[in-house]
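Down below is the structure, laid out as structure tokens.
The values are calculated or read from the model by the stated rules, or taken from the named source; none is laboratory data. Being a predicted model, the structure only gives us computed values, none of them experimental. Here the Cβ positions follow ideal geometry from the backbone for every residue, glycine too, while neighbour counts run over all protein chains shown. Surface areas here come from the heavy atoms of the whole protein model, side chains and all, with no ligands, DNA or RNA. Shrake-Rupley method; radii C 1.70, N 1.55, O 1.52, S 1.80 Å.
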Amino acid sequence: MKPLNRAHTSHHFQLLAIAAPMILSNISVPLLGLVDTAVIGHLSDAYYLAGIALGSGSIALLFWLASFLRMSTTGEIAQAHGQQDSGRALQSLSASMSFALVFSLLLIGCTPWLLELIAVLSGATSQVLEQAEVYFSIRIYSAPAAMLNLVMLGFMLGMQYGRGPFYVVLFTNIVNIVLDVLFVVVLDFAVAGAAWASVIADYSALVLSCCLLRKVLNDAGWQWQLKVPHRQEVQRLLHLNRDIFIRSLMLQLCFSFMTFYGARLGEDILAANAVLLNFLMLVSFAMDGIAYAVEAKVGQAKGARDLTMLRRWVRISCFWAGCFALLYTGVFTLFGPFVIGLLTDIPAVIDTAQIYLPWLIVLPLIATSCFLFDGVFVGLTRAKEMRNSMLLSAVLGFFVPFWLVQHWGNHGLWFAMSCFMALRGLTLILKFRQLSVRQQLLE
């Protein structure tokens with residue numbers, strides 16, 4: 001069946017109704033970083049800005065690694081939604097909340113060791129490290145709220161309430177921006193003010209998330225209650241979260257390698273790669289939105305035991321992911337140099353970035369399948385396959401190709417990243433087809 005068949009037009013709108021708010025949410029997140037940078041950047045010394053960049057970057061990495069909480073919750077809830085099984089949904093929600101609290105308390109408890117690790121890996125000056133420690137030591141206490149918000153986000157996506165996450169992200173950013181100005185500019189709390197602004201914003205968002213969660217449950221006719229999770233549910237989620245965590249860790253390892261090895265190639269290369277990685281961030285805005293939508297739809301179809309609908313959602317999402325990939329390639333081809341000029345005004349960095357821009361022009365086409373099929377496998381709650389794909393792609397798709405062409409310098413890095421994205425998508429597609437042929441997609 002063709003995905004644009006008139007009979008299926010409503011399905012396209014259903015998918016986009018979830019994807020569009022998530023795309024808007026993704027776009028709003030970098031705006032907060034710009035405000036943080038602008039507010040702190042107007043303090044008297046550069047080490048304030050460097051310190052908050054190091055501290056907030058470290059927090060962002062830790063919280064990003066916790067994305068397994070969101071992904072596992074989305075898949076489980078989407079399937080429960082498809083089954084109309086409120087008991088399973090509430091069990092999964094309770095178990096995910098328990099994991100979120102344990103993980104966040106573990107992060108808080110490890111703060112001294114994490115600060116030491118940051119100091120060793122960064123090699124920053126004492127002044128920068130002092131400000132980074134101030135920011136990190138305060139912001140880490142938002143971990144419980146941030147982790148629980150990930151679970152709430154996963155629940156709302158699983159229930160196909162795409163507007164909920166958009167409201168939460170928008171509210172969080174508005175609160176954070178207002179408090180940034182109040183604490184840093186008006187009250188002159190410096191880096192500590194920026195940290196406290198983020199902590200208060202995260203807990204404020206948690207209150208809103210709980211209200212929206214209750215609304216979604218009421219709309220579904222399910223009673224709001226937290227249950228003591230069954231041992232079987234805990235074990236299933238533990239295995240699911242473990243595999244997704246390993247997958248996320250390997251993904252971050254590859255991106256971190258690009259940054260650290262790029263630093264060995266010189267300041268211009270490091271700065272140019274930082275600019276070009278923003279192109280990938282732009283791609284992720286739309287691709288992640290489509291992936292989130294397909295997570296919910298594929299999970300619901302699996303829960304309802306509807307194989308025909310499951311395959312249809314995959315085809316429809318492939319269509320829209322392909323459209324966005326072509327759009328990005330066209331935009332980067334026509335306006336890539338202009339975008340680089342918006343991100344930096346340093347002539348040497350602009351010239352260097354333009355040398356490697358062709359890699360970013362073709363990368364949306366190469367990477368679209370790995371973004372999309374990550375979402376498919378989250379909906380199927382087949383984290384083991386995602387983990388294996390990532391491990392194989394990191395070794396054979398990134399590090400081996402880079403080792404073979406490392407004499408290419410920075411071109412070798414971008415070649416390795418392209419191979420990595422391509423192999424991730426290819427392995428997931430082949431696994432999906434294998435499961436489809438063997439009639440195992442609903443298992």
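Laid out as a table, the results:
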quantity: Residue within the range 410-432 that is loosely packed, with under 14 Cβ neighbours inside 10 Å and assigned to a helix (DSSP H, G or I) present; calculated: yes
quantity: Odd one out for residue 253 among (1) over 23 Å from the mean Cα position of the chain (by Cα); (2) at negative phi; (3) open to solvent by 40 Å² or more (accessible area, probe 1.4 Å); calculated: (1)
quantity: Some residue of the range 400-409 being touching a residue at least 40 places away in the same chain (Cβ under 8 Å), open to solvent by less than 60 Å² (accessible area, probe 1.4 Å), under 17 Å from residue 247 (Cβ atoms) and in the same structural domain as residue 367 (by the TED database); calculated: no
quantity: Residue list for the range 204-237, filter: of a type outside the set (S, T, N, Q) and open to solvent by 90 Å² or more (accessible area, probe 1.4 Å); calculated: 207, 214, 219, 226, 228, 230, 231
quantity: Selection from the range 241-298 of residues that are in contact with a Gly (Cβ under 6 Å, 6 or more places away or on another chain) and either assigned by the TED database to the domain that holds residue 102 or β-branched (Val, Ile, Thr) (or both); calculated: 269, 294, 298
quantity: Selection count, the range 433-443, where residues are in a helix (DSSP H, G or I) and either surrounded by 14 or more Cβ atoms within 10 Å (Cβ to Cβ) or of a type in the set (A, V, I, L, M, F, W, C) (or both); calculated: 3
quantity: Top-ranked residue in the range 272-313 [being without any contact (Cβ under 8 Å) to a residue 40 or more places away in the chain and under 25 Å from residue 439 (Cβ atoms); ranked as farthest from the chain's Cα centre (by Cα)]; calculated: 308
quantity: Residue match in the range 115-126 (condition: under 21 Å from residue 240 (Cβ atoms) and open to solvent by 10 Å² or more (accessible area, probe 1.4 Å)); calculated: no
quantity: Among residues of the range 286-307, those that are surrounded by fewer than 24 Cβ atoms within 10 Å (Cβ to Cβ), assigned to a helix (DSSP H, G or I) and modelled with pLDDT of 90 or more, counted; calculated: 1
quantity: Residue within the range 360-379 that is of a type in the set (D, E, K, R), free of Cβ contacts under 8 Å to residues at least 40 places away in the same chain and either in the same structural domain as residue 83 (by the TED database) or open to solvent by 10 Å² or more (accessible area, probe 1.4 Å) (or both) present; calculated: no
quantity: Residue match in the range 329-346 (condition: among the aromatic types (Phe, Trp, Tyr), open to solvent by 20 Å² or more (accessible area, probe 1.4 Å), in a helix (DSSP H, G or I) and without any contact (Cβ under 8 Å) to a residue 60 or more places away in the chain); calculated: yes
quantity: Residue within the range 397-409 that is in a helix (DSSP H, G or I), closer than 29 Å to residue 235 by Cβ and at pLDDT 90 or above present; calculated: no
quantity: So residue 284, is it among the hydroxyl-bearing types (Ser, Thr, Tyr) and under 17 Å from residue 9 (Cα atoms); calculated: no
quantity: Filtered residue count, the range 256-270, keeping only those that are closer than 27 Å to residue 324 by Cα and either buried (at least 18 other Cβ atoms within 10 Å of the Cβ) or in contact (Cβ under 8 Å) with a residue 24 or more places away in the chain (or both); calculated: 1
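Matching residues to (1) farther than 26 Å from residue 270 by Cα; (2) at pLDDT below 95; (3) not hydrophobic (A, V, I, L, M, F, W, C):
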{"site": "319", "(1), (2), (3)": "yes, yes, no"}
{"site": "335", "(1), (2), (3)": "no, yes, no"}
{"site": "363", "(1), (2), (3)": "no, yes, no"}
{"site": "368", "(1), (2), (3)": "no, yes, yes"}
{"site": "372", "(1), (2), (3)": "yes, yes, no"}
{"site": "384", "(1), (2), (3)": "yes, yes, yes"}
{"site": "420", "(1), (2), (3)": "no, no, no"}
